Structure formats: structure tokens, C-alpha cells
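To start, the structure under review is shown below, and the notes come after it.
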Amino acid sequence: MATLQILTIVILFIIVLASVVIGSRAHQKEREIKERRFKFLQLQNRADRMEQHIIGLKDLHTDTIVSDAFYDFYLENLRELLSYTDDPEKVEARIARAEQDREQEPAPLNLEPGEMSFPEKTKYKERLTKAAKMLLYLRRKGRISNTHYKLCYTYLRWLNLWIQLNRQLVQANKHFHSGQTRVASTLFGVINSHLKSNNIDRPEKKELEKYVDMRIKEIIAPQIAAIQESENPEEALADLMLEAKTPDAVAAAISEELKDQP
């Protein structure tokens, strides 16, 4: 009788121990599945956000400095995602597409752009703000250097200025081509003032400055020719400066045109 009780107790102990072990393993497996799922969603969401940053500013890009930083982080997340996804082929296709898109050259600066609507400007400015926050995150995480961050931030500032000047540039070009040179001169002068008052150091800004100067010179070319042929050049020049609505821009253009004249 005592032997049977002992055997029963041993059997029950074994059953309890087996249940604990099985339950512990099941719990551990369930926790691993949850952690894997959480990591998958985290990487997927991060990759999706980076993809949206890249796509969102693609139409404005004239330089890859920001997109390269985003692509590095984007591809890194996708490659890590391969270890957590149940559909690796889908992720591999996404990686291949991203690598291919990255090789595309940015569009050259279009100095006669189409006009952006107010919603478009608002949309792009929001994207620039989000991109700036992402760059700050990458810098804090040590994924880009402080120097690289400053260069990227300067580029975003240029894009913001480019959006701000869109309407004036579109209207200035429109009036220039339609022969309304006085209005065009005023608008180009306004653009010139904005550019001169901004300390952004970007090749695109310098290119736009050259373009604006060229247009102003073309507009005032007949007046300069008249001044040179006038019996009283000083008086003719003074009259032109009084008539100019953007005298600083006109003066700079005249000075450039007349500096080599005797």
C-alpha cells in the first residue's frame, strides 16, 4: 500500500514537472513569436517611413546628398527585415527596386519651372520639415556625421527657398517672354533681393543668381545701349535708376555691363 502511494506521488510529480516544462517552453515560444512579430513591424514601419521620405522629395531633387543618407538607412532596415519576414522574396524585390532607383540621376535645376499651387507648396514644406527631423534622428544615432548633417540641412534650406521663390520666378519668366519687361524686371529684382539676403551656400542658388542677373541684363540692354549713345550719359543713367523699381539689381547689372567701357 505504501509502495503504491509513493508510486502515485512520483507519477503525479513527473506529470506536474512535465506540465511545467511544456508550459514554460510554450510560453517561451509564444514570447519569441511576439518579439519576432514586434521586430518585424518595427522594421517594416521604419522602412515604410524612409521610403515615404525618399519619394516625397523626389520631384524636387537636384542633388542626392539627402536621399543617399535616407537610402542607406532604408536599405539597412530592409536587409535586417529579411531575418524576420515570412515573405523574403517580397523584401528582396523591394531591396532590388530601391538599389535601382538610387542609381537614377537627379533632375537638373529647371530655371523655368511650372507654378506650384498653394496645397503643393504646403505639402512640400511639410515634407521638408519631416525630412529635417529624420536627419536629426540619423545624426543623434550616429548614422551620419555632424558635417554631413549640416550639408544636408543646408540643402533642405535651399529647397525651402526654391519653393518660396516659385511663384515670383514663374511670373517673372512669363512676363519676360511676353515682352512685359518692366514687370519682369521688378520680379527678377525681388528674386535677386531674396537670394542676396540669404546666406545659403549651394550651387543651385548660384545658378539661379546667374540666371536672374542674365535676365536683368537682357531687359536693360536697350537702355544701356541708349545711355552709351546719349549725349549726356550721366543724366540718362540717372533717369534709368529713377525709373527702376529694383535699383540695386539694375545698378549691379549696369555696373557689370559698363565696367569694361571707356
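Nothing in this text is a laboratory measurement; each read-out follows from the coordinates by a stated rule. Because the structure is a prediction, the values reported are computed rather than measured. Cβ: placed from backbone, ideal geometry, glycine included. Neighbour counts: every protein chain shown.
Label-to-label distance, Glu80 versus Thr64, with points set 7 angstrom from Cα along the beta-carbon direction: 2.4 nm.
For the peptides 135-148, 63-76, the ranking by mean Cβ contacts within 10 Å, running from highest to lowest, is 63-76, 135-148.
The gain in end-to-end length when the Gln164 to Glu207 segment is fully stretched comes to 13.8 nm, 0.36 nm per residue minus the alpha carbon separation. The modelled label-to-label distance for the pair Arg36/Glu126, using points 7 Å beyond Cα in the direction of Cβ, is 3.8 nm.
Remark: the Glu115-Ile200 segment gains 28.3 nm on full extension, using 0.36 nm per residue and subtracting the alpha carbon distance. Legend: distances between Cα atoms for Lys133/Lys206; Lys125/Lys217; Lys90/Lys125; Lys58/Lys121; Lys130/Lys205; Lys125/Lys205; pairs beyond 21 Å are Lys133/Lys206; Lys125/Lys217; Lys90/Lys125; Lys130/Lys205. Taking all C-alpha pairs of the stretch 48-155, those more than 22 Å from each other amount to 39 percent. Taking 0.36 nm per residue of sequence separation and removing the Cα-Cα distance, the Arg97/Lys174 pair yields an extension gain of 23.8 nm.
Using label points projected 7 Å from each Cα along Cα→Cβ, tell me how many nm separate Ala107 and Gln44, to one decimal. In this crude spin-label approximation the distance works out to 3.3 nm.
In whole percent, what relative contact order does the stretch 72-174 give with Cα contacts below 8 Å and a gap of six or more residues? For the stretch 72-174, the relative contact order is 29 percent.
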